[in-house]
Amino acid sequence: MGTGSADRWVSGSAYDSYIGRWSRRVAPDFLDWLELPADRRWLDVGCGTGALTAAILTRCDPRSVIGVDPSETFVAHARATVRDARATFAEGTAAMTGLTDGEVDVVVSGLVLNFVPDLGAALAEAQRVVRPGGLVAGYIWDYAEGMQLLRRFWDAAVALDPAAHPLDEAVRFPSAAPEPLAAAFAAAGLEAVAVRPIEVPTVFSDFDDLWQPFLSGTAPAPGYVASLGDPARIALRERLRASVAHEPDGSIRLVARAWATRGHRPVP
């Protein structure tokens with residue numbers, strides 16, 4: 001997942017229950033939007049727990065999928081959970097994937113591009129390893145508005161602790177919006193750049209189902225929770241509880257919006 005930040009990416013299973021389960025909801029719409037034929041060679045950059053790789057395998061009939069991630073723990077988790085001979089996983093970063101020039105037909109990433117230290121370098125690497133005319137694409141959360149789980153969390157956190165404002169992912173990742181994403185892809189030299197929103201429901205069985213993943217310490221918001229003492233953690237929990245509407249059965253229904261972006265490597 002994260003490549004070079006101070007965020008902690010220590011548990012694949014913890015990340016899966018926190019954000020991975022919602023990434024799986026976005027992946028099918030994202031892949032359908034790419035409109036790619038079968039038998040393509042794919043690279044999943046920042047593959048994390050393998051959620052996007054698994055969706056590619058079940059939905060796109062690929063020839064092969066290579067997943068790379070800088071976290072040894074996440075690579076091990078992906079290998080253990082994605083059991084398909086067409087998929088291989090290795091350690092690598094968005095800027096240094098370890099692939100040869102033109103080795104794949106498609107480069108994708110799910111919930112990664114905002115975390116890479118140098119998006120320009122990552123997109124340059126993607127163009128190097130994808131064949132001419134090949135596709136480069138990814139999706140990231142709309143932290144400022146549409147990813148309601150994280151928006152509610154950071155609004156509650158900053159209201160209680162103004163010093164948390166710089167940690168808010170909407171503040172940290174201003175590129176997670178249509179205009180900056182399109183500009184970055186175009187600046188990298190990609191052609192026919194397009195951006196679209198993808199919205200999926202995020203339904204929690206109860207407040208514990210929403211809150212418990214924040215206690216894992218894995219990813220930015222859980223990392224912030226882990227830094228708090230008990231009184232501050234309890235205060236945050238209760239403020240977050242008060243900020244979400246509960247259905248008669250106790251469930252909580254939110255929406256998660258991601259911004260998806262795609263572009264093609266020019267053909268000489």
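The values are calculated or read from the model by the stated rules, or taken from the named source; none is laboratory data. Since we're looking at a predicted model, the values are computed, not measured. Using ideal geometry, Cβ is built from the backbone for each residue, glycine included, and neighbour counts are taken over all protein chains shown. Just so you know, the surface numbers come from the protein's heavy atoms only, side chains and all, with ligands and any DNA or RNA stripped out. Shrake-Rupley method; radii C 1.70, N 1.55, O 1.52, S 1.80 Å.
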- Query: Just for the stretch 56-114: of the residues that are among the charged types (D, E, K, R) and either within 25 Å of ALA256 (Cα to Cα) or in a strand (DSSP E or B) (or both), which one is least open to solvent (accessible area, probe 1.4 Å)?
  - Reply: ASP69
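Taking only the stretch 187-205 into account, find how many residues are outside any strand (DSSP E or B) and surrounded by 14 or more Cβ atoms within 10 Å (Cβ to Cβ). Steps first, answer last, please.
We begin by selecting, within the stretch 187-205, every residue outside any strand (DSSP E or B); these are 187-190, 205.
Cutting the leftovers down to surrounded by 14 or more Cβ atoms within 10 Å (Cβ to Cβ) gives us 188, 190.
Going through the stretch 187-205 one residue at a time, the tally reaches 2.
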- List the pairs whose first member sits in the stretch 153-179 and is over 28 Å from ARG262 (Cβ atoms) and without any contact (Cβ under 8 Å) to a residue 40 or more places away in the chain, whose second member is of a type outside the set (A, V, I, L, M, F, W, C) and assigned to a helix (DSSP H, G or I), and whose Cβ atoms are under 6 Å apart, counting only residues at least 6 apart or on separate chains? VAL158/HIS165
- Query: Could you say whether any residue in the stretch 2-25 is open to solvent by 40 Å² or more (accessible area, probe 1.4 Å), at pLDDT 95 or above and farther than 21 Å from VAL116 by Cβ?
  - Reply: no
- Query: Condition test on ALA170, is it modelled with pLDDT of 95 or more, in a helix (DSSP H, G or I) and at negative phi?
  - Reply: yes
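Of these, PHE214, PHE173, which one is crowded, with 17+ Cβ neighbours inside 10 Å and touching a Pro at 6+ places or on another chain (Cβ under 8 Å)?
Details: PHE173 fails: touching a Pro at 6+ places or on another chain (Cβ under 8 Å).
None of the other options fit; the residue is PHE214.
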- Note on the structure: Scanning the stretch 217-230 for residues that are of a type in the set (A, V, I, L, M, F, W, C) and in a helix (DSSP H, G or I), the one surrounded by the most Cβ atoms within 10 Å (Cβ to Cβ) turns out to be ALA221
- Message: Quick check on the stretch 117-140. Is at least one of its residues closer than 24 Å to ARG233 by Cα and modelled with pLDDT of 95 or more?
- Response: no
- Message: Step by step: first the residues of the stretch 231-268, then only those that are assigned to a loop (DSSP other than H, G, I, E, B), farther than 16 Å from ALA221 by Cβ and aliphatic (A, V, I, L, M), then the one that is least open to solvent (accessible area, probe 1.4 Å). Which residue is that?
- Response: ALA245
